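A.B. asks: Below you'll find the structure I mean.
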Amino acid sequence: MISHPFKAAGAFLKAFPLILSKDLRLFILAPLLANFLLVGLLYMVAFSYFQSLMDSAMSYLPEWISFVNWLFYLIFGAVISVLLFYSFSVGVNILAAPFMAFLAEKVEEKETGKTFDEALNASVIMSIIGRSLQRELQKILYFLPRFILLLLLSFIPLVNVIAPVLLLLFSMWMLSLQYMDYAFDNNKVKFHDMRMALRAKPLLCWTFGGIVMVGLTIPFFNLFVMPIAVVAATLLWITVFSPQQGDHSALLDHNRGAF
């Protein structure tokens, strides 16, 4: 378990030369274009509405707790930032999901020599698109109730002090879940089963999600984070998760539940 953060970081280092390889360029251009357009929209909306949303949220606070306004400013800032981030990242992920599924498939073929049975004809492409969109919907349904719960915790005295930390950890977890999903889905691992496998390696998932989160804060570089993260996640599937699939059913029996 101690080595898991190093494995996550190593996967990203190995992903950089792979995304530049000739075999993968075609599967990277389309999601990059979607990233350019939607991330640009994200920044415009964030800069235009962030302060007004903050002022509106702060206006609900009674005057007698004005001495801790700075704390609530941090809490509301974290909540609004996460909400804006997920609102637009959902759009990016839905648009790019089929391309990311193809990218993960090609990375696995390139690294392992495995050949997926499906030939790329029109019916198979439509099937992959439909399956990708279904998985994105599952992730949204998984995210929303947990985010709402964390949002409600932000308004409970004393508990709200740790709410930003919980939001940070949950955001890192969701980023890991998002990008790991493509390789798991390509190998027909159910969404619930994938979550149980990832739960068994929290340090790896939080490190992976943390690296993605930091990358998303870097201007211009954040446009390339999505394909890099998909390639890195696929490499982790190959080296960490795929060899354990023989024992996967036993793992699930002992870890039933939700994160």
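A.B. asks: How about segment 150-172: which of its residues are at pLDDT 90 or above and either under 18 Å from Pro227 (Cα atoms) or aliphatic (A, V, I, L, M) (or both)?
C.D. replies: Of everything in segment 150-172, those that are at pLDDT 90 or above and either under 18 Å from Pro227 (Cα atoms) or aliphatic (A, V, I, L, M) (or both) turn out to be Leu169, Met172.
A.B. asks: Do you know which residues across segment 162-204 are more than 12 Å from the chain's Cα centre (by Cα) and charged (D, E, K, R)?
C.D. replies: Scanning segment 162-204 gives Asp185, Lys188, Lys190, Asp193, Arg195, Arg199, Lys201.
A.B. asks: Let me ask you something else. Search segment 7-33 for residues that are acidic (Asp, Glu) and pair each with any residue that is surrounded by 15 or more Cβ atoms within 10 Å (Cβ to Cβ) when their beta-carbon atoms are under 7 Å apart and the residues are at least 6 apart or on different chains.
C.D. replies: Hits for this filter: Asp23/Lys106; Asp23/Lys110.
A.B. asks: I'd like the full set of residues that are among the aliphatic types (A, V, I, L, M), free of Cβ contacts under 8 Å to residues at least 40 places away in the same chain and closer than 19 Å to Gly209 by Cα, limited to segment 151-172.
C.D. replies: Result: Val165, Leu166, Leu169.
A.B. asks: Right, something else. Being within 30 Å of Leu37 (Cβ to Cβ), crowded, with 23+ Cβ neighbours inside 10 Å and at pLDDT 90 or above is the filter here; which residues of segment 184-234 pass it?
C.D. replies: Phe184, Cys205, Phe208, Gly209, Val212, Ala229, Val230, Val231, Ala232, Ala233, Thr234
A.B. asks: For segment 21-35, which residues satisfy the criterion of being modelled with pLDDT under 80 and either under 25 Å from Thr207 (Cα atoms) or surrounded by 13 or more Cβ atoms within 10 Å (Cβ to Cβ) (or both)?
C.D. replies: Matches in segment 21-35: Leu24, Phe27, Ile28, Ala30, Pro31, Leu32, Leu33, Ala34, Asn35.
A.B. asks: Identify the residue in segment 1-16 that is modelled with pLDDT under 85 and in a helix (DSSP H, G or I) and, among all such residues, is surrounded by the fewest Cβ atoms within 10 Å (Cβ to Cβ).
C.D. replies: Filtering first and then ranking leaves Pro5.
A.B. asks: Being β-branched (Val, Ile, Thr) and touching a residue at least 24 places away in the same chain (Cβ under 8 Å) is the filter here, so list the residues in segment 197-224 that pass it.
C.D. replies: Once the filter is applied, which keeps residues that are β-branched (Val, Ile, Thr) and touching a residue at least 24 places away in the same chain (Cβ under 8 Å), segment 197-224 yields Thr207, Ile211, Val212.
The values are calculated or read from the model by the stated rules, or taken from the named source; none is laboratory data. All of these numbers come straight from a predicted model, not from anything done at the bench. All Cβ positions, glycine included, derive from the backbone under ideal geometry; neighbour counts span all protein chains shown.
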